[in-house]
Amino acid sequence: MTQTLRDKSSQRYDVFLKKYDIVGKIGEGAYGIVRRASERTTKTDVAIKTFKLKITREGEGIPVTVCREINLLRELDHENIMKVRDIYLQPIEKSLIMVCNYCKLDLEKLLKYHRSEKKVIYIEKPGAQQVLKKLPKSLDRAVIKSVLWQILRGLEYLHANWIIHRDLKPANILVNDTDTERGTIKIADFGLARVFKDPLRRLGDDGAVVTIWYRPPEILLGSKHYTPAIDVWAVGCIFNELITAKPLFEGKEVKMDHNQNPFQNHQLETIYKILGTPSHDAWPTLKHLPEYKQTENWERFAPQLERHTRLDPTSPDFDLLKRLLEYDPMKRITAKQALSHPFFSQDPLPTTQCFLNHKFKYPDHQFQSEQPQQHSQLPSYPAQQASNMRQPHPQMMQQPQMQPNGYAGQPNGRPQIGQVPLQQQAMAQQQLQQQPIMQQPIVVPSAPAKKSSGKKRSSTAGDGSGTSRKKKK
Amino acid sequence: MATNFWRSSHSKTISSNTNTNNAIIEQDLSQIPPGHIFTDKEKELLLLHHMDELRNYGTKLQMHQRVIATAMVYFKRFFANNQIRDCDPLLLVPTVLLMASKIEECPINCKSILKILPSEFTNLYSMQNIIDCEIHLMEQLDFNLTIYHPYKQLELYIESLHLENDVALVQSAWNFMNDSYYSDACLQFSPHLIALASVYMAHLFGRVDLDEAQQKQFKERDDRIKKWFDTLNVHMRQIGAITNQILDLYKTLQESRTGDVLATPLLKITKMRMANVWRTNQPSYPPQQQAIPPQQQMRN
């Protein structure tokens, strides 16, 4: 490719820089960095996800997870699915930038706030004095219902369009909570999602899918051909987690160096202990599954789901939970059927704004420092009014100090989005144009990366969310 | 998405794909060395030549027909919005194959692609060049990567016409459909129309060589096909336009095979390759052209 292609990228990137104002970093994972920004003209909040295009496997090129995510999100259009507004290419680092809806919460965070009874802003009625008040330990039944209903709506849309998500878990279910849209669910992270219509290759050949606690029994038993029912199982797990604020099947993941997809006996046993060992009547095709032989001599467990949930065993709520967690994927309720389950036709009716009558105001994402070493030097800044949801990030206040010495504090001397004022970015680009590209530090690490780290990150909660939670226990 | 073509990005590119090419060509001709400019005809011939290669490599790699077809659409779309000087078609061929294999969910490693490429390629480019090119390809496709193909529709139409047993006609329709990927039809028309046009052409040209007795024999079938087309709510003008594009394509192919029209653009592109115009590691144009003043950049 030539300079002209690079120029075209730079021009598009300039448009990006002019269009959005970066506010601060809100998250980081194996995939890259997420920052919050606002669109200059409309003042809309957006999330900016930057994919580091590091090589996961030599000769793979753009990781297949990134290709899937971009390909699918570009086509999907539903209220309960994360919407991609724009995609750009950062021409210097060659990273991809995805501009998405900004959501201040995900279900994992929401549950964490409730579990720890976090003190948040509480408004008795509009206009009333704001006070800080502890969140209750568990979520409201009406909120749970609306959340579940919206997840199922998004899932029904995906399945109707022949897409399996393959990584549903609380951290991937975002909640948009603004003044106008109070609690709309957005299903996110399509790195493992895949179209299952006319596959040219078996789905089972994709390796491990679904984060271990949310992985359904048919996959744990080694099924090579699975169906959208795997997503429904995960929804069942999430449903109970919303009720008890605690994961339902907390198995330990078996890790082997030589085998990327080993038999997860502990996770399967955890499920059997709660739901009972499946019988051949309940699941006729069980005996044909590859790993079934290994489970034949296991101790038999009796079902005792009611002891692991707070639901009344005679309620429609419990009936829906049981149907979502049906062993046989052929008998498991579909997303579409679940939406017409009696649970959703009972009062209170589900809504697309699950916090509509909520008096608590959940906290926004905490901004993270882009350079940890500067953190200790932060000037103390005046206490913010509680009503001001868009607090300036301490770093933004610090920026004037950074200007004289250009890229002070940036380890590699390269501009990064979100740090350098626009003027400086433009300067950096001119500098770049005057020198041959090859003199720029190469972004791609030359050392061979660990095998398939790309796949592991999304299927095993490698972004730290799952593991950090385990440590606490 | 996978079911609804009309709400897809593919459908949107078709409706917006009119007349964008020429606007780009006129814009920045003045900045380009004359040796790097190709006429429309030369560009078309060169691209056809490289698409032939694309098909060959895909077959050698035992790629599924759908993957090759997706790669061909990427190739066509890329050069509908870009010029030859933007990217060496030789480099883009393995790049579109790599991208398409991932999007169609049967990923192939770049190393395996490299193994089957001729020395003409390996002398000039490395694996890193393909990987660098991939991200620009993605951007130039505007990140719209899902491509719909007419295969399913063709099967459906043949079934609805009860022509499954007419092997000659079915084969001929499949050939027309596969050939359509070389033309611009896949950029301008929905896969449904291309499938219809393939049936139409197979029916139309299947009769050409027949004598009168045979024509009578096929009369019943042809009348049925005609009636069937009448019941469809489709403009025959569009079917005609696709037919013409495919026929024009055959004419161009004929030319490039018999005459030496391909010689001039091939020589030009070889010269550009020798001058390292497309090598990533080297600045391709003299420095004064690189530093375009910001105001001018804005205008572009």
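The values are calculated or read from the model by the stated rules, or taken from the named source; none is laboratory data. Here the structure is a predicted model, which means the values were calculated and not measured. Here the Cβ is made from the backbone with ideal geometry for all residues, glycine too, and neighbour counts use every protein chain on show. Ligands, DNA and RNA are stripped out before the accessible areas are found, and what is left, the full protein with its side chains, is counted by its heavy atoms. Shrake-Rupley method; radii C 1.70, N 1.55, O 1.52, S 1.80 Å.
Side notes on the structure shown:
- Among the residues of segment A:282-292, those identified as open to solvent by less than 60 Å² (accessible area, probe 1.4 Å), under 22 Å from residue A:254 (Cα atoms) and not in a helix (DSSP H, G or I) are A:289, A:291.
- Of all residues in segment A:33-42, none are more than 26 Å from residue B:93 (Cα to Cα), at pLDDT below 85 and more than 8 Å from every other protein chain (Cβ to nearest Cβ).
- Screening the candidates A:104, A:52 for the property of being farther than 30 Å from residue B:135 by Cβ and more than 12 Å from chain B (Cβ to nearest Cβ) yields one hit, A:104.
- Any hit, segment A:59-69, residues being more than 8 Å from chain B (Cβ to nearest Cβ) and free of Cβ contacts under 8 Å to residues at least 24 places away in the same chain: no
- Members of segment B:227-249 found to be free of Cβ contacts under 8 Å to residues at least 12 places away in the same chain and closer than 21 Å to residue B:174 by Cβ, listed by number: B:240, B:244, B:247
- Residue in segment A:34-49 that is open to solvent by 40 Å² or more (accessible area, probe 1.4 Å), assigned to a strand (DSSP E or B), in contact with a strand residue (DSSP E or B) (Cβ under 8 Å, 6 or more places away or on another chain) and without any contact (Cβ under 8 Å) to a residue 24 or more places away in the chain present: no
Conditions (1) among the basic types (Lys, Arg); (2) under 30 Å from residue B:187 (Cβ atoms), marked per residue:
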residue	(1), (2)
B:217	no, no
B:221	yes, no
B:225	no, yes
B:231	no, yes
B:234	no, yes
B:240	no, yes
B:245	no, yes
B:248	no, yes
B:253	no, yes
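- A count restricted to segment A:50-83 and to residues that are in a helix (DSSP H, G or I) and within 18 Å of residue A:206 (Cβ to Cβ) stands at 9.
- Lone qualifier among B:64, B:136 - being within 10 Å of another protein chain (Cβ to nearest Cβ) and over 29 Å from residue A:98 (Cα atoms): B:64
- Of all the residues in segment B:70-89, those that are touching a Phe, Trp or Tyr at 6+ places or on another chain (Cβ under 6 Å) and under 25 Å from residue B:148 (Cα atoms) number 1.
- Failed item, numbered, when residue A:134 is tested on (1) within 23 Å of residue A:36 (Cβ to Cβ); (2) modelled with pLDDT under 90: (1)
- Single match in B:163, B:169 (criterion: in contact with a His (Cβ under 8 Å, 6 or more places away or on another chain), open to solvent by less than 30 Å² (accessible area, probe 1.4 Å) and touching a residue at least 24 places away in the same chain (Cβ under 8 Å)): B:169
- Residues in segment B:73-83 include at least one that is of a type in the set (Ser, Thr, Tyr), more than 7 Å from chain A (Cβ to nearest Cβ) and open to solvent by less than 20 Å² (accessible area, probe 1.4 Å).
- Identity of the residue in segment A:133-145, touching a strand residue (DSSP E or B) at 6+ places or on another chain (Cβ under 7 Å) and touching a residue at least 60 places away in the same chain (Cβ under 8 Å), that ends up farthest from the other protein chains (Cβ to nearest Cβ): A:133
- Looking across segment A:158-176 at every residue that is within 14 Å of chain B (Cβ to nearest Cβ) and surrounded by fewer than 23 Cβ atoms within 10 Å (Cβ to Cβ), the one that is nearest to residue A:197 (Cα to Cα) is identified as A:162.
- Residues considered: B:74, B:57. Of these, the only one that is under 20 Å from residue A:66 (Cβ atoms) and in a helix (DSSP H, G or I) is B:74.
- Counting only helices (runs of 4 or more DSSP H) that sit completely within segment A:213-281, those holding 1 or more residues that are of a type in the set (D, E, K, R), more than 21 Å from the chain's Cα centre (by Cα) and in the same structural domain as residue A:154 (by TED's automatic domain parsing) correspond to A:217-220, A:265-275.
- Qualifying positions in segment A:167-207 - free of Cβ contacts under 8 Å to residues at least 12 places away in the same chain and β-branched (Val, Ile, Thr): A:180
- Residue A:89 vs. criteria within 30 Å of residue B:84 (Cα to Cα), open to solvent by 30 Å² or more (accessible area, probe 1.4 Å), within 9 Å of another protein chain (Cβ to nearest Cβ) and within 24 Å of the chain's Cα centre (by Cα): no
- Residues satisfying the criterion are present in segment A:172-183 (criterion: out of contact with any Cys (no Cβ under 8 Å at 6 or more places or on another chain) and at pLDDT 90 or above).
- Each residue in segment A:1-14 was checked for being without any contact (Cβ under 8 Å) to a residue 40 or more places away in the chain and either open to solvent by 10 Å² or more (accessible area, probe 1.4 Å) or more than 14 Å from every other protein chain (Cβ to nearest Cβ) (or both), and 5 pass.
- Residue B:101 being more than 8 Å from chain A (Cβ to nearest Cβ), more than 21 Å from the chain's Cα centre (by Cα) and of a type outside the set (Val, Ile, Thr): no
- When A:141, A:202 are checked against the criterion of being open to solvent by 40 Å² or more (accessible area, probe 1.4 Å), in the same structural domain as residue A:344 (by TED's automatic domain parsing) and within 23 Å of residue A:346 (Cα to Cα), a single residue qualifies: A:141.
- Residue ID - nearest to residue B:242 (Cα to Cα), chosen from residues in segment B:142-157 that are more than 10 Å from chain A (Cβ to nearest Cβ) and open to solvent by less than 10 Å² (accessible area, probe 1.4 Å): B:150
- Yes/no for residue A:386 being at pLDDT below 75 and open to solvent by less than 30 Å² (accessible area, probe 1.4 Å): no
- Failed item, numbered, when residue A:93 is tested on (1) part of a helix (DSSP H, G or I); (2) under 23 Å from residue A:13 (Cα atoms): (1)
- Scanning segment B:85-98 for residues that are facing another protein chain (nearest Cβ under 8 Å) and part of a helix (DSSP H, G or I) yields B:85, B:86, B:91, B:98.
- The single residue among A:119, A:112 that is open to solvent by 40 Å² or more (accessible area, probe 1.4 Å), more than 14 Å from every other protein chain (Cβ to nearest Cβ) and in contact with a helix residue (DSSP H, G or I) (Cβ under 9 Å, 6 or more places away or on another chain) turns out to be A:112.
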